[in-house]
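Novice: Structure below; questions to follow.
The values are calculated or read from the model by the stated rules, or taken from the named source; none is laboratory data. All values derive from a computational prediction rather than experimental measurement. Note: ideal-geometry Cβ built from the backbone for every residue, glycine included; neighbour counts use all protein chains shown. The area values use the complete protein model at the heavy-atom level, side chains included, leaving out ligands, DNA and RNA. Shrake-Rupley method; radii C 1.70, N 1.55, O 1.52, S 1.80 Å.
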Amino acid sequence: MHFIQTVDTKRIYMINAGMYSWITDTGMWTNYQNAFPKAPVIPLYQAQMEKLYRKNV
């Protein structure tokens, strides 16, 4: 599991076992950070994230 935080839109996505989820709730993001403190957070631009998503769909 890892997370992607977009640099320009500040959106946070969770990627786990090839599944992409957009975390829209800041409380949920806090819960994930507490539950998985060692999970990497990778910075990307929104356009890069969309390319990754489309490539893997």
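Novice: For the subset of region 15-36 comprising residues that are under 18 Å from Arg54 (Cβ atoms) and in contact with a helix residue (DSSP H, G or I) (Cβ under 9 Å, 6 or more places away or on another chain), which member is surrounded by the most Cβ atoms within 10 Å (Cβ to Cβ)?
Specialist: Ile15
Novice: Then there is this: Can you say whether Met1 is hydrophobic (A, V, I, L, M, F, W, C) and without any contact (Cβ under 8 Å) to a residue 40 or more places away in the chain, as far as the supplied structure shows?
Specialist: So Met1 passes the test.
Novice: Looking at Met49, Met14, Met28, which is the one that is assigned to a helix (DSSP H, G or I), aliphatic (A, V, I, L, M) and touching a residue at least 12 places away in the same chain (Cβ under 8 Å)?
Specialist: Numbers: Met14 fails: assigned to a helix (DSSP H, G or I); Met28 fails: touching a residue at least 12 places away in the same chain (Cβ under 8 Å).
On inspection, the qualifying residue turns out to be Met49.
Novice: Inside region 44-57, can you point out the residues that are open to solvent by 90 Å² or more (accessible area, probe 1.4 Å) and either out of contact with any Gly (no Cβ under 7 Å at 6 or more places or on another chain) or closer than 13 Å to Gln5 by Cα (or both)?
Specialist: Result: Tyr45, Lys51, Tyr53, Arg54, Lys55, Val57.
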